[in-house]
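The values are calculated or read from the model by the stated rules, or taken from the named source; none is laboratory data. Keep in mind that this is a model prediction, so the values were computed, not measured. Here the Cβ is made from the backbone with ideal geometry for all residues, glycine too, and neighbour counts use every protein chain on show.
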Amino acid sequence: MYVVQIASECAPVIKAGGLGDVVYGLSRELENRGNCVELILPMYDCMRYDHIWGLHEAYKDLGVPWYGGEIKCDVFCGWVHGRLCFFIQSKSQDQFFDRGYVYGGEDDPMRFAFFSKAAMEFLLKSNKRPDIIHCHDWQTGLIPVMLYEMYQYHGMERQRVCYTIHNFRHQGNCGNEILEATGLNRPDYYFHYDRLRDNFNPFALNLMKGGIVYANYINTVSPHHAWEARFTDVGYGLGHTLEIHQSKFSGILNGIDYKLWNPKLDELIPFEYDVDSLTDKAKNTKALRERLFLQDADKPVIAYIGRLDQQKGVHLVHHAIYYALQHNAQFVLLGSGTSAEVNNRFLHEKYFLNDNPDVHLEIGFNEELAHLIYSGANMIVVPSNFEPCGLTQLISLKYGTVPIVRGVGGLLSTVFDRDHDPDHAPEKRNGYVFYQMDNHALESAMERAIGLYYDYPKEFEQLVQQGMECDYSWKNAGAQYLNIYDSIRYQYS
C-alpha cells in the first residue's frame, strides 16, 4: 500500500511534542510491514537539519494558488533516519515557516492552511496518487476538505483520508479569510453547522471539525480517550460532531519506539539491563544519585518527567514532591513550565529545596538525563488532568519504573492498578491508578506504591517485571491502522 503522511511534525527533525514521535514511529512500522510510506512536512528554518540525509531539491517553483494569485514553493527531499520526507519551502514574503519556531504565531491557522494547500498541490502536480493520505491534528484538518471539495475533480478521486487527532484542545479556529486564501470560497456553504462552522461560535470556522466531517476515518490515540472525547468535556466542544460521525471514529493506542526506548539497547544510560538483570537497574539508580547529588540511601526514587502545565496536573506534581519527602522517598523532576508563572514557581521550589539531599528539580529538558531518570527511578508519577495517550508511562514500564497515574485517557488504557483492577488478572497488573484530581487521591496511590516497596520488596520487584513484559511497541497499532486503511481504501464518495 502507498501511504503519504502529512503532518506539522516528525521526530527527530521536527519535534514540539508527542505528535512528532507518533508520525515517525508509525511511518517506520508501516514500512517494516512492506508498505511504501512518504512524509510531507513544512520546511521550518528551525528544523534539525543534522538529522536529514541527502537533502536535495525535488520540485522547483511549485505554484500554489493563494488568494486568487500564486505563491511559489520549492520542495526538498531527504531521508530522516530512513524515512523519505518531502519538505515544502515557501517563497512567500509572509515567511510562513522561517520564524524560528514551529507553533505560536497569531496567524498559525493561515500558516498551516497554506501548508495543507501546498501539500495537495505537490501531490497533484508531481502525479503522486497514494492509496491513503494520513493527516494529523488541526494543522492538516483542511486536507480532507480540499480533497473532497476540489482535488477529487482534478484527478484525485481515488485517494482516501485517515485523520488522527492527538489533542482536542487545539482545534484551529479561524475566519472566512481561510476560504478565500485556499480557493474554497463559498462562506455560506462552509459556515454550515454540518461542515466547518464551529459548534459554539457561529462566526468562526473550525479546521479540526472540518477534518472530522470530511475524512473517511477519524481516530484519536487511545480507546478510552475516544470515549472521553465523545462524552466528556475533553472533546472541547466537538462531542456532538463525533457523535454524528461515530461510525467512522475510534481510538488506537500509540506505540513507542523500542529501538530508542529500551534499557537493553540504550546507549544513553551507564548500565544496560532487561527484566532478568534488574541488579543493573539498581546501578543506574546509584548513577542517577551521583549525577544529581542525591544522598546514597535505601529509599525509592520517585520521578516526574514532562511539561509543567494544567494538562499534566501541575498542582499534583508539586504535592507529590513534598509527599515523597515526608514518606521516606526521594524525588527527581525534569520538566519546564509552559508559562512563566509555572516555571517561576518551580524555580522557587528548586532554590527552596536546594540543600535537601533527597530531591532534585531540573527545570528544562535534557534528553540524556531523561533516559537516566527512566532507568534509575523506581516509580514515576503521571497525574494528568487529561492525557490522550501519554508516552511517559509506556517508557517507564519498559524501564521497570512503576507508574502512578491518574485514570484518564491513554493512562487508563495502559496502566492497571495492582490492587483494584477488576479487568486484569494480578499477573497482568503493572502500576497504580487514582481517579480524582485532589491531593488525597494522589496520596492514596503513592502510599500504596511506597508501602509495597518497603514492606514487600519481592512483590514490588514482581510488579516491576510485569510492567517490563508489557508490549506497547508500534506492532499492535500498525496492524490496526492497516485494517483501517483497508476498510476505507475502496470507498467511493
* Asked: surrounded by fewer than 16 Cβ atoms within 10 Å (Cβ to Cβ) and of a type outside the set (A, V, I, L, M): does that describe residue 336?
  -> no
* Structure fact -> Note on the stretch 210-253: residues among the β-branched types (Val, Ile, Thr), in a loop (DSSP other than H, G, I, E, B) and either closer than 13 Å to residue 163 by Cβ or not assigned by TED's automatic domain parsing to the domain that holds residue 187 (or both) are 221, 252
* Go through 485, 472, 454 for me and flag whichever is of a type in the set (Phe, Trp, Tyr) and in contact with a strand residue (DSSP E or B) (Cβ under 9 Å, 6 or more places away or on another chain). => 485
* Asked: Which one of these is buried (at least 23 other Cβ atoms within 10 Å of the Cβ) and within 18 Å of the chain's Cα centre (by Cα): 402, 415?
  -> 415
* Might you check whether a residue that is buried (at least 18 other Cβ atoms within 10 Å of the Cβ), closer than 27 Å to residue 306 by Cα, assigned by TED's automatic domain parsing to the domain that holds residue 182 and in contact with a Leu (Cβ under 9 Å, 6 or more places away or on another chain) occurs anywhere in the stretch 41-60? => yes
* To do: Inspect the stretch 309-324 for any residue being buried (at least 19 other Cβ atoms within 10 Å of the Cβ) and of a type in the set (Lys, Arg) and give the result as yes or no.
  => yes
* Six or more apart or on different chains, Cβ under 7 Å: which pairs go from a residue in the stretch 349-364 that's at positive phi to one that's modelled with pLDDT of 95 or more and surrounded by fewer than 16 Cβ atoms within 10 Å (Cβ to Cβ)? Could you list them? => none
* **Options 196, 184: the member that is touching an Asp or Glu at 6+ places or on another chain (Cβ under 9 Å) and within 13 Å of residue 149 (Cα to Cα)** => 184
* Positions within the stretch 138-170 being free of Cβ contacts under 8 Å to residues at least 24 places away in the same chain and not aromatic (Phe, Trp, Tyr), in sequence order -> none
* Filter the stretch 460-493 for residues that are charged (D, E, K, R) and over 21 Å from residue 257 (Cα atoms); which is surrounded by the fewest Cβ atoms within 10 Å (Cβ to Cβ)? -> 486
* To do: Would you check which residues across the stretch 351-364 are touching a Ser or Thr at 6+ places or on another chain (Cβ under 7 Å) and closer than 12 Å to residue 304 by Cα and list them?
  => 363
* Asked: Considering the stretch 304-317 alone, what residues qualify as being over 18 Å from the mean Cα position of the chain (by Cα) and closer than 14 Å to residue 341 by Cα?
  -> 314, 315
* Among the listed residues 22, 37, 13, 64, which satisfies the condition of being closer than 30 Å to residue 180 by Cβ and crowded, with 21+ Cβ neighbours inside 10 Å? -> 64
* **Which listed residue is out of contact with any Pro (no Cβ under 9 Å at 6 or more places or on another chain) and aliphatic (A, V, I, L, M), from 372, 347** => 347
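Would you list the strands (runs of 3 or more DSSP E) that sit entirely within the stretch 353-421 and hold 2 or more residues that are closer than 12 Å to residue 432 by Cα?
In the stretch 353-421, the matching strands (runs of 3 or more DSSP E) lie at 379-382, 402-406.
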